[in-house]
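The structure appears right after this line, and notes come after that.
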Amino acid sequence: MMQRVTKAQLKLMKYGAFIGIIGGIASFVGPPHNGLIKAMIGVVIGCMLLGKRLPIALKEMYDANKPIMDEIEDSFKD
């Protein structure tokens, strides 16, 4: 079970790093003002490049954490 969680976390970290790198590159392109806006445009572009992979990775993370969350909920019910 923990192997599934670790695999999903690593995949999300990889995608997060990719989005951050694209956002960082986009913030240096163009004129020096409004760097935050350019970084957010880069984040949106990074999410668009990931396409269907990001929602699938989020679903894998949810599915991997579901048994853990069920155990926690059961412990509070008793």
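The values are calculated or read from the model by the stated rules, or taken from the named source; none is laboratory data. Since we're looking at a predicted model, the values are computed, not measured. Every residue, glycine among them, receives a Cβ derived from its backbone with ideal geometry; neighbour counts consider all protein chains shown. Just the protein is used for accessible areas: all its heavy atoms, side chains included, with ligands, DNA and RNA removed. Shrake-Rupley method; radii C 1.70, N 1.55, O 1.52, S 1.80 Å.
What to note about this one:
- Projected onto planes of every orientation and averaged, the convex hull of the alpha-carbon atoms in the chain covers 6.5 nm².
- For the chain, carbon and sulfur atoms together expose 71% of the accessible surface, with a 1.4 angstrom probe and every protein chain in place.
- What the chain shows is 76 Å² of accessible area per residue, with the surface traced by a 1.4 Å probe over protein heavy atoms.
- Residues of region 47-78 with amide N under 18 Å of the 7 Å Cα→Cβ point at MET40: 47-48
- The label-point distance for LYS77 and MET48, in a model that sets each label 7 Å from Cα toward Cβ, rounds to 4.5 nm.
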